[in-house]
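A.B. asks: I have a structure here, written as structure tokens, and I will follow up with some questions on it.
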């Protein structure tokens, strides 16, 4: 499984407006997306949440590949009102292995 950091931020043009627009956005986009994220969370496919007092959220998705992440994000109604930044994550053990290999190569090159 691959992991991706996904940052959601509500587009400025998406908030404001009338109470009717806010109610529509909540009932048509936000709540269905939260319900879907809750299902994914139950399957251990995502962890994280929305940042209190802000219009943004940070999540770590565990998926087979980027294509699966893309399909998952595209299925969320909030994609109509949120901007999303995605960054692949390297596991701690993978980073440790990489750095140990670099140290070994540097020592070998230095004749140590």
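A.B. asks: Taking Rg and Dmax of the Cα atoms in Å straight from the coordinates, which label in (1) 14.8, 45; (2) 19.3, 72; (3) 12.8, 42 is the correct one?
C.D. replies: The calculated read-out lines up with (2).
A.B. asks: Using the alpha-carbon atoms, what tilt in degrees (0 to 90, nearest 10) does helix 92-109 show relative to the longest principal axis of the chain?
C.D. replies: 30 degrees
A.B. asks: With a 10 Å radius around each residue's Cβ, average the other Cβ atoms per peptide and rank 17-28, 100-111, 76-87, highest first. Walk me through the numbers on the way to the answer.
C.D. replies: Working: 17-28: 11.3, 100-111: 9.2, 76-87: 15.1.
Going from most to least packed, we get 76-87, 17-28, 100-111.
A.B. asks: What ranking do 63-72, 47-56 get when scored by the average of other Cβ atoms within 10 Å per residue, highest first?
C.D. replies: Ranking the peptides 63-72, 47-56 by packing returns 63-72, 47-56.
A.B. asks: Using a simple spin-label model with points 7 Å from Cα along the Cα→Cβ vector, what separation in nm is obtained for residue 39 and residue 83?
C.D. replies: Simple spin-label model gives 2.9 nm for this pair.
A.B. asks: Rounded to the nearest 500 deg cm²/dmol, what is the calculated helix-only ellipticity per residue at 222 nm for the chain, with -39500 (n - 2.57) per DSSP H run of length n ≥ 4? Display every interim value, and only then the final one.
C.D. replies: On the way: 4 runs with 46 residues, N = 112.
My calculation for the chain gives -12500 deg cm²/dmol from helical runs alone.
A.B. asks: Please work out the FRET efficiency for the pair residue 94 and residue 13, using the Cβ-Cβ distance as r and a Förster radius of 35 Å; give the result to the nearest 0.05.
C.D. replies: Working: r = 39 Å, r/R0 = 1.12.
Working from the Cβ atoms, E equals 0.35.
A.B. asks: Tell me the relative contact order for the chain as a rounded percent, counting alpha carbon contacts under 8 Å between residues six or more apart. Before the final figure, lay out the partial values.
C.D. replies: Working: 115 pairs, mean separation 49.0, N = 112.
RCO, the chain: 44 percent.
A.B. asks: Moving on. Calculate, for residue 65 and residue 21, the FRET efficiency according to 1/(1 + (r/R0)^6) with r their C-beta to C-beta distance and R0 30 Å; round to the nearest 0.05. Don't jump to the answer; show the numbers that get you there.
C.D. replies: Values: r = 37 Å, r/R0 = 1.22.
With R0 = 30 Å, the Cβ-Cβ based efficiency is 0.25.
No value in this document is a laboratory result; all are computed from the given coordinates. Here the structure is a predicted model, which means the values were calculated and not measured. Neighbour counts run over all protein chains shown; Cβ positions are idealised from the backbone, glycine included.
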